[in-house]
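J.: Attaching a single structure in structure tokens format; questions to follow.
Coordinate-derived values only; no laboratory data. What you see is a predicted model; the values in this text were computed from it and never measured. Counting neighbours? That spans all protein chains shown, and the Cβs are built from the backbone with ideal geometry, glycine included.
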Amino acid sequence: MKLELNVLNIKDVQFSEKTDIINGVLYINRREIQELLQQDKRLSKVEIELAHPGESCRILQVSDVIEPRARIGANDTDFPGVLSKHITVGAGNTCALRGVAIVINDQNAVSGPSHDPKGNIIDMSGPGAELSPYAKTHNVVVLPYAADGVSPNDYKVAIKLAGLKAAVYLAKAGKDLKPDEVEVYDLPSLPKVSNSMEHLPKVAYIFQAYCTSFPAIQGEPILYGDSLRRLVPTLVHPNEILDGALVNPYQGMGMETYAIQNHPLIKALYQKHGKELCFVGVVITVSQYTEPERERSAAIAANLAKSILGADGVILTKSSSGAPDVDVAQTAQMCEELGVRAVLIMWGMSQDGGADSSVVFSFPKVDAMVSTGSPLRQVSLPAMKRLIGRPVTLPNGAPASSEFNLRLLWISGAVGQLGNSKLVSVQY
Amino acid sequence: MVSQGLRVVHYLNQFFGGLGGEEKAHIGPQLREGFVGPGKVLHDAVKGRGEVVATIICGDNYFAERTEEAVQQILQMVTPCRPDILIAGPAFNAGRYGIACGELCKAVQDRLGIPAATGMYEENPGVDLYRREVYIVKTAESVRGMPDIISQMVALVLKLVDKKKIGRPAEEGYFPRGIARDESSDMNAAERAIAMVLAKIKGAPFESEIESPKFDKVKPAPPVKDMASATIALATDGGLVRRGNPEKLDPRGATWLRSYNVKGLKALNPEDFACHHSGFDTVFVSQDPNRLVPVDVMRDLENEGVIGKLHDKVCATAGVAASLSNAKKVGESLAEQLKAEGVDGVILTST
Amino acid sequence: MTPVAIMVGSNRIVPGSGVIHPVGNVDLGSNEEKNLRRTIVQKAIEALHTELKEQTVFPRPSV
């Protein structure tokens with residue numbers, strides 16, 4: 001499959017009378033996008049706010065971040081199974097607005113065991129901004145409010161759809177424009193993929209996209225619109241992941257749809273394809289919460305990598321934490337037992353900087369792990385002038401725009417599990 | 001300004017101190033002026049920055065049999081020397097010596113506030129006991145390479161004196177102290193993972209950024225002999241709480257234990273009990289807490305005479321992202337508590 | 001999380017019925033669920049009663 005992302009570099013976003021892109025500036029007709037999103041009867045209203053890099057601004061209760069994308073020459077085929085009919089994506093041309101992000105605000109979001117009402121945050125300046133890739137994008141914040149009588153479950157689905165619709169609406173403004181750059185992702189099918197690369201090591205990616213130990217959200221669209229509660233490990237083309245087949249689950253800690261659309265590991269594998277390695281494919285899995293299910297899923301995934309993709313090595317990533325860690329480690333162990341070398345991208349979960357018990361598993365052959373920085377490490381965030389989101393108060397009574405300490409985990413994009421993090425957890 | 005005239009005190013056991021072998025291991029601490037035996041290497045290594053002003057020699061058995069007393073005696077001897085640095089050993093693979101070196105280094109750090117370092121072989125029991133608190137340089141099993149070991153120890157303590165940043169364990173030659181710090185890299189995690197997998201495929205060496213923990217083997221306890229008259233307790237790390245969590249159980253970290261009275265209860269009632277745990281979907285256990293802590297079935301088995309008695313107390317903690325040391329502490333205190341209460345066996349349910 | 005129990009060195013291990021309900025199963029009716037719970041607990045009692053030299057996993061009979 002060959003995917004070409006027509007990238008338009010956007011350097012500013014402003015409200016205006018007409019939604020358009022002129023000289024690298026994205027203009028948004030605020031009323032038009034609001035009316036579009038308010039068509040969903042599960043929502044009483046949708047507010048739109050803009051936040052720019054460098055602003056003294058804090059966005060609260062971030063539920064997901066999405067890059068504006070619209071497929072070119074194929075109407076109504078964006079986010080298939082969710083917004084559009086079921087078709088295969090990942091081939092052809094898609095317009096991408098680079099430097100802009102849709103940020104979905106969830107009025108009910110809470111984070112962590114203490115149900116912190118601030119939820120995930122993005123600071124647009126200061127130390128928090130240095131830690132998040134979403135402080136560097138011009139953010140179009142979508143704030144949906146639930147209509148009367150709408151269940152929390154349905155609200156969560158509605159806000160996801162609102163964010164995706166906004167992403168498509170904005171990108172459509174760029175469909176006919178000449179791109180600033182074109183990113184090409186071209187990977188043939190298995191029989192041809194290693195042509196003229198037979199001497200290179202074959203590397204596959206096992207992508208645990210969802211964790212089933214957390215409450216199910218009925219109707220939550222994840223893979224081509226399916227909610228993935230039960231998934232037998234299967235193969236997908238990496239382009240499908242880049243082009244809207246996969247949407248970040250509600251509980252996807254350490255992941256956003258934006259990170260999936262710009263998947264750091266898939267991009268890096270593509271960059272090195274034909275040079276240091278042969279990228280043979282992607283296995284997609286969900287983490288299971290019973291022992292027999294986990295063993296079955298791990299065994300099937302490992303064998304797909306070994307006997308179908310013919311991988312010499314695999315890299316594994318996970319979604320959320322806890323049981324998913326054991327799941328991904330077990331899959332790695334089974335790969336190693338089949339002779340496929342495995343590396344995990346893993347969160348070290350120590351709370352106090354102690355390196356001794358940062359992971360909960362100890363499989364004999366799982367000995368190669370890359371870190372992302374410590375998700376539970378506390379960082380100090382200064383006060384911000386402007387707040388976007390539900391204005392909650394801190395335990396000490398101060399507003400959420402004040403200074404406070406926060407675990408890295410709750411800063412959107414800071415310790416991404418898909419490989420974008422430049423933080424390393426170093427043992428001393 | 002780099003301080004000079006640093007006063008170094010060296011600790012040696014009876015053997016390295018030249019007093020004799022095992023037959024002299026009972027000797028108490030003795031103070032000697034200047035360096036003794038291998039202390040010459042140390043003295044040469046600190047030239048230009050300081051000198052070995054005194055050496056303490058102590059028998060390994062003396063130290064092992066009355067540790068705190070020995071530490072205090074040694075501190076009393078050492079304090080008038082006005083030491084700026086303590087170097088202990090190196091102890092190589094000698095276990096009692098290693099423990100003495102570790103304990104003494106820790107004591108001078110904590111009580112005298114001066115930097116210290118020692119050296120041991122990786123299997124020396126002193127390593128696991130002290131590496132988190134004391135810089136222990138890695139040595140071979142046998143007594144060799146003294147100059148290199150001493151210079152590594154000296155380099156470490158001088159950095160501590162000069163308040164310079166200590167490098168990574170592999171660079172500076174010490175056992176990892178169990179601390180994890182976040183640093184920036186030029187490569188993102190994806191690129192580092194690709195580099196690591198390519199190294200692994202090639203069979204080239206690589207360094208994992210995270211290590212799996214190593215756990216000790218515990219000898220299995222003898223079985224409960226007479227089940228029909230035994231008292232069996234239920235415990236859990238799944239975050240069982242009384243409704244409203246009045247005992248304020250922390251939903252993660254296994255920070256402490258809580259006990260709930262289940263005397264006379266036929267089952268756990270969802271109106272009285274709930275689940276407070278941040279690591280999984282607690283909805284099903286909150287609907288029916290017996291799905292986590294099976295009081296109902298245990299009560300049936302008690303009534304049927306299969307077990308003698310269900311213990312009156314159920315103990316709970318919430319084990320999310322718990323540090324090994326917390327988990328150990330909670331486990332040990334649970335075991336002590338239940339033993340004192342006359343319990344013969346425990347069923348621990350875990351998510 | 002049986003692999004965790006094995007790795008940390010637990011000596012008597014009985015696999016439960018899932019992370020979110022270690023001794024339960026919401027897919028069963030309440031009588032069947034209680035029977036399942038009883039089977040797992042009985043296996044645990046058997047484990048307590050068994051002399052061991054080393055770590056042992058006591059699989060329960062499939063329900």
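J.: Which order do peptides A:262-269, B:153-160, B:28-35 fall in by mean Cβ count within 10 Å, highest first?
T.: A:262-269, B:153-160, B:28-35
J.: For each pair in A:118/A:318; A:422/B:214; A:318/B:165, compute the distance between the two Cα atoms and list the pairs where it is over 30 Å.
T.: Beyond 30 Å between Cα atoms: A:318/B:165.
J.: Tell me whether segment A:160-221 comes out rounded, prolate or oblate; compute the Cα gyration tensor, take square roots of the eigenvalues as a ≥ b ≥ c, and use a/c under 1.5 as the rounded threshold.
T.: oblate
J.: Okay, moving on. Computed FRET efficiency, Cβ-Cβ of residue A:392 and residue B:81, R0 45 Å: what is it to the nearest 0.05?
T.: 0.15
J.: Where does each of A:74-80, B:5-11 land if you order them by average Cβ count within 10 Å, highest first?
T.: Descending packing order for the listed peptides: B:5-11, A:74-80.
J.: Let a ≥ b ≥ c be the square roots of the eigenvalues of the Cα gyration tensor of segment A:244-300; is it rounded (a/c under 1.5), or, if not, prolate (a/b larger than b/c) or oblate?
T.: Because a/c hits 1.5 or more and a/b fails to exceed b/c, segment A:244-300 counts as oblate.
J.: Mind giving me the nanometre distance, one decimal, between the label points for residue B:111 and residue A:52, set 7 Å out from Cα along Cα→Cβ?
T.: For residue B:111 paired with residue A:52, the spin-label model returns 6.4 nm.
J.: Inside 10 Å of the C-beta atoms of B:343-349, what's the mean count of C-beta atoms belonging to other chains?
T.: Averaged over the peptide's residues, the number is 4.
J.: Provide the FRET efficiency to the nearest 0.05 for the residue B:256-residue A:22 pair, computing r from the beta carbons and using R0 = 41 Å.
T.: Efficiency, from the Cβ-Cβ distance: 0.10.
J.: Now, a different point. Treat the count of other C-beta atoms within 10 Å as a stand-in for reagent exposure and order B:256, A:347 from fewest to most.
T.: Listing B:256, A:347 from fewest to most nearby Cβ atoms yields B:256, A:347.
J.: Roughly speaking, what % of Cα-Cα pairs in segment C:2-57 are separated by over 15 Å, rounded to a whole number?
T.: Of all Cα-Cα pairs in segment C:2-57, 53 percent lie more than 15 Å apart.
J.: How would you classify chain A from its alpha-carbon gyration tensor, with a ≥ b ≥ c the square roots of the eigenvalues: rounded for a/c under 1.5, else prolate if a/b is greater than b/c, otherwise oblate?
T.: Judged from the Cα gyration tensor, chain A comes out oblate (a/c at least 1.5, b/c at or above a/b).
J.: So between residue B:302 and residue B:30, what do we pick up on full extension, going 0.36 nm a residue minus the alpha carbon distance?
T.: Working it through step by step, the gained length comes to 91.5 nm.
J.: Follow-up. Return one number: the angle in degrees, 0 to 90 and rounded to the nearest 10, between the long axis of the Cα atoms of helix C:30-49 and the longest principal axis of the Cα atoms of chain C.
T.: 10 degrees
J.: Give me the dipole magnitude in Debye, nearest 20, for chain B about the Cα centre, with unit charges on the beta carbon: positive for Lys and Arg, negative for Asp and Glu.
T.: Dipole size: approximately 680 debye.
J.: Here's another thing I want to ask about it. Ranking A:31, C:60 by Cβ neighbours within 10 Å, fewest first, what do you get?
T.: A:31, C:60
J.: Now, a different point. Would you mind getting me the FRET efficiency between residue A:385 and residue A:218? Use the beta-carbon distance for r and R0 = 45 Å, nearest 0.05.
T.: The formula returns an efficiency of 0.70 here.
J.: Whole-Hz ³J(HN,Hα) for each residue in segment B:6-17, computed from phi via Karplus 6.51 cos²θ - 1.76 cosθ + 1.60 with θ = phi - 60°, x for glycine and proline: what do you get?
T.: With the stated coefficients, segment B:6-17 comes to 6, 9, 9, 10, 10, 10, 9, 7, 4, 6, 5, x Hz.
J.: Hey, which lysines would be in cross-link range of residue B:159, C-alpha to C-alpha under 18 Å, not counting anything within fewer than 8 residues on its own chain?
T.: B:47, B:106, B:138
J.: Could you point to the residue in B:16, B:244, B:314 farthest towards the positive end of chain B's charge dipole, with +1 and -1 charges on the Cβ of Lys/Arg and Asp/Glu respectively?
T.: It is B:16, whose Cα lies furthest towards the positive end.
J.: Give the angle, between 0 and 90 degrees and rounded to the nearest 10, that separates the Cα long axis of helix B:95-107 from the longest principal axis of the Cα atoms of chain B.
T.: Here the helix axis deviates by roughly 90 degrees.
J.: Determine which aspartates and glutamates satisfy two conditions relative to residue A:178: a Cα distance under 17 Å, and not lying fewer than 8 residues away in the same chain.
T.: Straight-distance partners of residue A:178: A:4, A:20.
J.: Now, a different point. Would you mind listing how long segment B:6-172 runs along its three principal axes, going by Cα atoms, in whole Å with the largest first?
T.: That gives 40, 35, 27 Å along the principal axes, largest extent first.
J.: Here's something else I'd like to know. Mind pulling the angle between the C-alpha long axis of helix B:189-202 and the longest principal axis of chain B? Nearest 10 degrees, somewhere in 0 to 90.
T.: Value to nearest ten degrees: 80.
J.: Ranked highest first by average number of other Cβ atoms within 10 Å, how do B:300-309, B:126-135 line up?
T.: Sorting B:300-309, B:126-135 by mean packing, highest first, produces B:126-135, B:300-309.
J.: Would you list which aspartates and glutamates come within 18 Å of residue A:2, measuring only between C-alpha atoms, while excluding same-chain residues fewer than 8 positions from it?
T.: By straight Cα distance, residue A:2 reaches A:78, A:181, A:183, A:186, A:240, A:243.
J.: What dipole magnitude, in Debye to the nearest 20, does segment A:58-104 give about its Cα centre under +1 on Lys/Arg Cβ and -1 on Asp/Glu Cβ?
T.: 80 debye
J.: When you look at the Cβ of every residue in A:359-366, what mean number of other chain Cβ atoms sits within 10 Å?
T.: 5
J.: Give, rounded to the nearest 20 debye, the magnitude of the charge dipole that segment B:227-349 has about its Cα centre when Lys and Arg contribute +1 at Cβ and Asp and Glu contribute -1 at Cβ.
T.: 300 debye
J.: How many partner chain Cβ atoms sit within 10 Å of a residue's Cβ in peptide A:371-378, on average, as a whole number?
T.: Mean shielding count: 4.
J.: Right, another one. Inverting the mean 1/r over all pairs of different Cα atoms, compute the Kirkwood radius of the protein assembly as shown and quote it in Å.
T.: 29.9 Å
J.: Would you pull out the residues with amide H under 5 Å of residue A:234's amide H, same chain only if 5 or more places away, H placed 1.01 Å from N?
T.: A:284
J.: In segment A:143-171, which residues have a backbone nitrogen under 18 Å from the label point lying 7 Å from residue A:115's Cα in the Cα-to-Cβ direction?
T.: What the label zone holds, given the 18 Å backbone N cut-off, is A:151-156.
J.: Let me ask another. Tell me the label-point distance for the pair residue A:148, residue B:228, using the 7 Å Cα-to-Cβ offset, in nm and rounded to one decimal.
T.: 6.7 nm
J.: Taking 8 Å as the Cα distance limit and 6 or more residues as the minimum spacing, I'd like the relative contact order of chain A as a percentage.
T.: Computed over chain A, the figure is 18 percent.
J.: Roughly speaking, what % of Cα-Cα pairs in segment B:227-349 are separated by over 18 Å, rounded to a whole number?
T.: Cα-Cα pairs in segment B:227-349 separated by more than 18 Å: 49 percent.
J.: Follow-up question, since we're still on this one. Using only DSSP helix segments of four residues or longer, with each worth -39500 (n - 2.57), what per-residue ellipticity at 222 nm results for chain A after dividing by its residue count and rounding to 500?
T.: Computed mean residue ellipticity for chain A: -6000 deg cm²/dmol.
J.: Taking the Cα centre of the protein assembly as shown as the origin and placing charges on Cβ (Lys, Arg +1; Asp, Glu -1), which of A:317, A:412, A:25 is farthest toward the positive end of the dipole?
T.: Result: A:25, furthest along the dipole toward the positive end.
J.: Which of A:169, A:134, B:97, A:145 comes first, and how do the rest follow, when ranked by fewest Cβ neighbours within 10 Å?
T.: Sorted ascending by nearby Cβ count, the order is A:145, A:169, A:134, B:97.
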